[in-house]
Amino acid sequence: MKRILHIISSPRTASSASRKLGNAIVERLKEKHPGSIVTVRDLGKNPLPHLDESHIISFYTPAENRTAEQVETIRYSEEAVKELLDADTLVIEAPMYNFTITSNLKAYFDHITRAGITFKPRGQGLLPEGLLNNKEAYIATSSGGVYSEGELKDYDFAEPYVRSFLSVIGIRVAGVFRAEGQSLFGPEAALETGFKSIAV
């Protein structure tokens, strides 16, 4: 049995290739691990607020010293972190928008990047130590063009960013699956290629 956290970030719903690919990954994991529990966080439908100064101050105020207002300010972050800590496996849908991830996925990453909880600072000029080393993630991404190879590869700031971010907090990327080339081959063909690539 696995505890799966399924993170959706596409603003599209029924027409979203990344949602379909992400759902297929989750189903494959459930087949491999019967009885798995799936928690869904749909950032397209329920985005987290972008960080402002009040969030930053509240994050770095010791829990016992936070005011009631500060506790409320970081309520979304606390909920997201708890979901993350409870999960064994993440399925992260990261469709490419303007060469990178959606802003709601970036906001989610900002809320779960918590010193002493998901990472440990190691000093100026050093990467932090990730604290979530017992977790793995699968990334589902989609794009109009082909970015896994060829002349557009250098413009893929989605998959490399998600992979790098997860490594910083200690999460191992177990697989990346793409529904790419939708503008070239058509959405259905691109998605079918993505489905066939799934290995968990």
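The values are calculated or read from the model by the stated rules, or taken from the named source; none is laboratory data. As the structure is a prediction and not an experimental result, all values here were calculated from the model. Note: ideal-geometry Cβ built from the backbone for every residue, glycine included; neighbour counts use all protein chains shown. For accessibility, only protein heavy atoms count, side chains too; no ligands or nucleic acids. Shrake-Rupley method; radii C 1.70, N 1.55, O 1.52, S 1.80 Å.
What to note about this one:
- Selection of first residues in the stretch 63-76 that are surrounded by 16 or more Cβ atoms within 10 Å (Cβ to Cβ) and of second residues that are of a type in the set (Phe, Trp, Tyr) and modelled with pLDDT of 95 or more, restricted to Cβ pairs under 7 Å at least 6 apart or on distinct chains, gives the following pairs, ordered by first then second residue: Ile74/Phe59.
- Single residue of the stretch 1-12 satisfying the filter (modelled with pLDDT of 95 or more and in a loop (DSSP other than H, G, I, E, B)) that is nearest to the chain's Cα centre (by Cα): Ser9
- Residues that are in contact with a strand residue (DSSP E or B) (Cβ under 8 Å, 6 or more places away or on another chain), open to solvent by 10 Å² or more (accessible area, probe 1.4 Å) and in a loop (DSSP other than H, G, I, E, B) within the stretch 86-132 comprise Asp88, Met96, Thr113, Pro121, Arg122, Pro128, Leu131, listed in sequence order.
- Residue within the stretch 58-65 that is within 25 Å of Ala190 (Cβ to Cβ), outside any helix (DSSP H, G or I) and not acidic (Asp, Glu) present: no
- Filtering the stretch 18-35 to residues that are in contact with a Pro (Cβ under 9 Å, 6 or more places away or on another chain) and open to solvent by 10 Å² or more (accessible area, probe 1.4 Å) leaves only Arg19.
- Being in a loop (DSSP other than H, G, I, E, B) and either closer than 18 Å to Leu84 by Cα or open to solvent by less than 30 Å² (accessible area, probe 1.4 Å) (or both) holds for only one residue in Gly170, Gly194, and it is Gly170.
- Residue check, Phe165 surrounded by 15 or more Cβ atoms within 10 Å (Cβ to Cβ), within 23 Å of Phe109 (Cα to Cα), in contact (Cβ under 8 Å) with a residue 12 or more places away in the chain and over 12 Å from the mean Cα position of the chain (by Cα): no
- Hits in the stretch 36-57 (condition: open to solvent by 60 Å² or more (accessible area, probe 1.4 Å) and assigned to a strand (DSSP E or B)): Ile37, Val40
- Top-ranked residue in the stretch 1-17 [being hydrophobic (A, V, I, L, M, F, W, C) and out of contact with any Ser or Thr (no Cβ under 6 Å at 6 or more places or on another chain); ranked as most open to solvent (accessible area, probe 1.4 Å)]: Ala14
- Hits in the stretch 173-191 - residues which are under 16 Å from Pro160 (Cβ atoms) and open to solvent by less than 20 Å² (accessible area, probe 1.4 Å): Gly175, Phe177
- Taking the listed residues Lys20, Lys2, Lys45, the one that is basic (Lys, Arg) and more than 19 Å from Asn104 (Cα to Cα) is Lys2, with no other qualifying.
- Options Phe119, Phe109: the member that is over 14 Å from the mean Cα position of the chain (by Cα), closer than 24 Å to Gly170 by Cβ and of a type in the set (A, V, I, L, M, F, W, C): Phe119
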